[in-house]
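Taking it in order: structure first as structure tokens, then the write-up.
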Amino acid sequence: MSQFMIRYTQSKLFWPFAALVLLLLINFFTIPGFFHITIKNGHLFGSLIDIMNRVIPLLVIAIGMTLVIAKEGIDISVGSILAITAAAAASLLEVAPLPYAILFALVIGLICGLWNGILIAYLKIQPMIATLILMTVGRGIAQLITGGQILTINNKAYEYIGKGFLLGFPFAIYIGLAVFCIVLIVKKKTALGLFLESIGSNKTSSHFAGIRPEKMILIVYIISGICSAIAGILVSSNVSSADANNAGLWIELDAILAVVIGGTSMRGGRFYLGGTLIGALFIQTLSTTIYSIGIRPEMTMVVKAIVVIAVCLMQSGEFRKLIRQSSFKKKVNEA
Amino acid sequence: MNSDSLLVAKGISKGFPGVKALSNVDFSLRKGEIHSLMGENGAGKSTLIKVLTGILKKDQGQIYLENSLISPASAEEAKRLGISTVYQEVNLCENLSVAENIYIGREPKKNGRIDWKEMYRKAEVLLKEKLNIEIDVKRTLSSYSTAIQQMTAIAKAVDTSSGVLILDEPTSSLDKSEVQKLFEVMKNLKSRGMGIIFVSHFLDQVFEISDRITVLRNGQLIGEYQTSLLTRNELVSKMIGKEWIEPLLSQKKHAANISKKNFLMVKGLEKKGSMNPVHLSIKKGEVLGLAGLLGSGRTETAKLLFGIDASDNGTLVIENEKIHSMNPKLAIEKGLGFCPEDRKTEGIVGELTIRENMMLALQSKRGIFNYIPLKEQKKIAEKYIKLLNIKTPDMEEKIENLSGGNQQKVILSRWLATNPSLLIMDEPTRGVDIGSKLEIRKLILDLAAEGVSILFISAELEEVAACCDRVIVLRDRYQIGQLEGEKISVKNILELISEGAGVVESVHD
């Protein structure tokens with residue numbers, strides 16, 4: 001039994017999963033009706049549905065981030081790409097039909113990713129610095145597009161993407177699931193996963209084995225850019241506006257956190273898409289919980305920080321060893 | 001217990017899940033002796049050393065240091081007790097200076113601040129007195145050769161050790177004169193009463209330097225012997241556990257099955273500052289050797305052929321097709337394979353499993369979208385684990401958990417899986433035990449018999465002489481000569497290298 005427990009607690013997914021369950025339990029006891037789901041006009045409503053709906057932009061970005069981190073990189077420009085693509089889609093909607101706007105946003109995301117990828121893969125600029133450029137400049141570009149104002153969107157079809165319902169569930173959930181499944185299938189059915197993990201673990205050996213690291217780096221930053229664009233469309237359609245300053249602000253930090261909580265190491269190598277899913281759900285549930293149990297606004301960041309630190313500590317094998325040793329000593333002393 | 005015993009281990013046992021790495025092993029080190037620990041990969045040498053230095057916890061047994069019972073729980077504790085270790089791979093900070101590396105964590109202080117002058121002075125004195133080398137200790141470690149880096153690690157270990165020094169494969173990256181220098185240092189330390197445990201795969205070195213030899217096999221103690229009373233054949237027999245006949249080593253291949261057609265032809269291929277023009281050709285089924293001393297341009301030539309380094313000049317022709325700009329992926333597509341010299345940084349992908357490591361080259365040959373189904377992957381991995389006798393409980397084991405020889409076999413499998421027409425092997429037998437060494441050599445000959453061309457690079461000239469149909473000799477990054485057929489011998493290669501000085505100069509003019 002204890003062997004069994006040890007194996008489970010060492011699994012990458014155990015602690016974030018346990019934390020998520022614990023968080024839901026806390027909600028169950030403190031917030032009446034947290035698990036309650038009602039049906040209005042054939043649509044499902046409730047806190048759980050709300051969490052699943054809100055997590056989607058974060059999840060989509062975190063999936064792209066997982067691939068970037070797997071190859072030992074980082075992309076801190078995702079929030080800015082989100083803002084640019086949201087602004088691009090919103091402004092084009094004023095003059096062109098919906099498919100063009102969506103396509104335009106995705107292409108902009110692709111170009112942003114390409115830019116990052118070229119800087120990193122071919123000009124060998126460190127990922128943090130290279131993406132910092134777009135992070136800083138990006139919001140400026142977004143402001144240029146919106147003309148410094150918050151663009152309101154008046155297109156029912158576009159708003160459906162972020163606000164509509166399909167078969168009872170919010171439409172955004174389907175998009176999130178689709179992105180997750182596509183990337184999962186690509187990982188399982190092509191050599192992308194193998195090559196990424198190989199490059200992230202040892203770039204020189206991978207190069208010697210015929211893998212072209214530059215190409216792979218370019219691909220992952222492009223994927224990350226497109227994921228950010230999808231998130232940009234979701235966010236802007238959900239609030240029916242494009243806000244160059246605040247759309248997706250700090251989302252890069254939550255995304256990185258979701259990836260790391262999900263068990264993917266910042267040093268690259270093995271990556272866990274399922275872990276990222278749990279990580280993103282955990283962060284969103286945490287934010288929702290903090291608001292709904294009525295923690296004062298000035299305290300929210302502190303509470304969030306404490307919980308995240310706790311989860312990260314529990315994930316660390318070294319920390320668990322420390323705890324085991326001290327509890328063991330206690331037992332010896334008591335005996 | 002003997003009064004001059006320094007470090008004694010009694011009845012040491014250590015098991016890992018599924019393996020008994022050491023069972024009831026005794027070991028004793030006396031003051032003022034050099035004691036070699038011998039055995040094949042996986043015999044338990046590293047485990048024993050890790051137990052002695054506190055990195056691994058023993059399951060059973062006692063360790064005595066100068067007749068008092070010790071049980072070091074960590075490497076730091078062992079160091080405090082006076083047991084210092086230098087590992088095969090240099091564990092130093094390349095971006096710090098030599099002096100900083102030696103005194104890191106115990107810097108001389110003055111008024112609470114680091115006394116840099118004193119530190120540099122002490123480092124210089126230490127290196128000069130104990131190791132007899134004079135270098136600028138203020139320069140960063142990365143600016144020095146591997147040999148100097150190794151010496152720095154030894155200097156640090158000697159300085160912190162009070163009695164026991166463990167050298168785990170210290171010579172594998174050193175050339176002949178550097179090895180001699182190290183041996184002088186070891187003799188010097190020995191005369192001061194220090195006990196040295198020496199681990200090496202080089203039999204000659206073991207016989208040259210050690211006073212006694214302890215042999216392990218499959219985690220068992222085979223025995224402890226006086227070096228002067230042991231012959232090479234006896235030692236090897238004890239290590240591999242069967243009768244050993246030396247001539248097997250010099251088994252020659254028969255040149256009969258070499259095709260007349262060239263597989264690869266190179267004219268004047270060069271990279272300025274790295275390698276001067278190379279002219280060579282390899283026939284199908286031929287084993288071509290590249291011989292020369294460390295830094296003679298062997299690896300550089302191989303990297304040019306495989307497209308890891310871009311050439312500035314010259315032509316490369318593979319099967320009558322001229323290749324304009326070579327890169328590893330193209331090389332693989334053209335049927336080349338390359339087992340690099342530096343296994344740890346250029347060969348293995350440590351975090352991945354054995355199976356995944358084997359798939360990399362074949363997968364990049366087939367392309368990213370043509371994923372090899374898991375079933376096929378497992379079949380390939382199973383095949384090569386069996387064929388090359390790779391010792392592992394499972395193909396899903398991380399490759400970094402394997403011993404050096406087995407890692408090398410996985411890398412070889414990676415290339416064999418691509419069905420190569422030309423396999424470039426850069427020091428395939430370095431750091432590999434004698435049993436695996438023979439297996440790898442036999443593999444080379446078998447492959448050649450099947451029509452695969454081999455470019456074989458090795459610092460061990462006996463090996464080059466034994467395996468190759470033709471040998472190209474390099475010196476100071478120039479190609480200086482060639483030996484063929486009966487003329488290939490260690491003596492002739494050495495002669496060519498020493499005569500080569502004149503050739504190099506004439507090329508300069």
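Every read-out reported here was derived from the displayed coordinates using simple, explicitly stated rules and does not represent laboratory data. Note that this is a predicted model, so its numbers are computed, not measured. Using ideal geometry, Cβ is built from the backbone for each residue, glycine included, and neighbour counts are taken over all protein chains shown.
In square nanometres, what is one fourth of the surface area of the convex hull spanned by the alpha carbons of the protein assembly as shown?
Spelled out: convex hull of the Cα atoms, projected over all directions, averaged, 44.8 nm².
Each 10 Å bin from zero up to the one holding the largest Cα-Cα distance in segment A:74-211 carries the following percent of pairs: 11, 28, 34, 20, 7, 0. Phi angles across segment A:215-232 convert, under the Karplus curve 6.51 cos²θ - 1.76 cosθ + 1.60 with θ = phi - 60°, into 3J(HN,Hα) values of 4, 5, 4, 4, 4, 5, 5, 5, 4, 4, x, 5, 4, 5, 5, 4, 4, x Hz, Gly and Pro given as x.
Using the Cα gyration tensor of segment B:59-195, with a ≥ b ≥ c the square roots of its eigenvalues, what is the shape: rounded (a/c below 1.5), prolate (a/b larger than b/c) or oblate (neither)? The partial results should precede the final answer.
Numbers: a/c = 1.77, a/b = 1.26, b/c = 1.40.
Oblate shape, in that a/c is at least 1.5 and b/c is the bigger or equal ratio.
The loop-placed trypsin sites (Lys or Arg not before Pro) in segment B:205-243, going by DSSP, that have at most 12 neighbouring Cβ atoms within 10 Å of their Cβ come out as B:K242.
Please compute the average number of Cβ atoms from other chains found within 10 Å of each residue's Cβ in peptide B:349-360.
5
What does the C-alpha gyration tensor say about the overall shape of segment A:47-316? Classify as rounded when a/c is under 1.5, otherwise prolate if a/b is larger than b/c, or oblate.
Judged from the Cα gyration tensor, segment A:47-316 comes out oblate (a/c at least 1.5, b/c at or above a/b).
For the listed residue pairs B:K14/B:K156; B:K283/B:K334; B:K50/B:K109; A:K203/B:K267; B:K303/B:K398, the alpha carbons are over 22 angstrom apart in B:K14/B:K156; B:K50/B:K109; A:K203/B:K267; B:K303/B:K398.
Once you reduce segment A:69-105 and segment B:136-208 to the center of their Cα atoms, the two points are 59 Å from each other.
Shielding of B:364-375 by partners, i.e. mean partner chain Cβ atoms within 10 Å per residue?
Details: counts 10, 2, 1, 2, 11, 5, 2, 8, 2, 1, 1, 0.
Neighbouring Cβ atoms belonging to other protein chains average 4 per residue here.
Summing charges over neighbours of A:S224, with a neighbour being any other residue whose Cβ is under 11 Å away from its Cβ, gives -1 when K and R count +1 and D and E count -1.
Cross-linked pairs B:K57/B:K128; B:K379/B:K442; B:K10/B:K79; B:K57/B:K391: Cα-Cα separations exceed 27 Å for B:K57/B:K128. Counting only residues at least eight positions apart within a chain, or on another chain, the aspartates and glutamates with an alpha carbon under 18 Å from that of B:K375 are B:E356, B:D394, B:E396, B:E397. Would you please classify the overall shape of segment B:316-465 from the alpha carbon gyration tensor, given that a ≥ b ≥ c denote the square roots of the eigenvalues, rounded means a/c under 1.5, and beyond that prolate means a/b larger than b/c while oblate covers the rest? In terms of gyration-tensor shape, oblate.
Over all directions, the average projected area of the alpha-carbon convex hull for chain B comes to how many nm²? Write down the numbers at each step before the final one.
Values: hull surface 106.6 nm².
Mean projected area for chain B: 26.6 nm², to one decimal.
List the chymotrypsin sites (Phe, Trp or Tyr not before Pro) within segment A:31-134 that fall in a DSSP loop (any state other than H, G, I, E or B) and whose Cβ has at most 13 other Cβ atoms within 10 Å. For chymotrypsin sites (Phe, Trp or Tyr not before Pro) across segment A:31-134 that sit outside H, G, I, E and B with at most 13 neighbouring Cβ atoms in 10 Å, the list reads A:F35. Taking all Cα-Cα distances within segment B:5-244, those exceeding 31 Å account for 24%.
Per residue of peptide B:339-345, the mean number of Cβ atoms on other chains within 10 Å of the residue Cβ is 2. Per the Debye calculation on segment A:204-252 with a single equal scatterer at every Cα and no solvent contribution, log₁₀ I(q)/I(0) for q = 0.16, 0.19, 0.23, 0.32 Å⁻¹ amounts to -0.58, -0.68, -0.83, -1.12.
So what is the diffusion coefficient of segment B:398-466 in µm² per second by Stokes-Einstein at 10 °C and 1.306 mPa s, using a Kirkwood Rh over Cα pairs? Walk me through the intermediate numbers first.
Values: Rh = 12.5 Å.
Using the Kirkwood radius from Cα pairs, D works out to 127 µm²/s.
First select every other residue whose beta carbon is under 14 angstrom from the beta carbon of A:C112; then total the charges, Lys and Arg +1, Asp and Glu -1. Present the calculation step by step, with values, prior to reporting the outcome.
Working: positive: A:R139; negative: A:D75, A:E252.
Neighbourhood net charge equals -1.
The spacing between segment B:404-479 and segment A:201-280, judged by their C-alpha centroids, is 42 Å.
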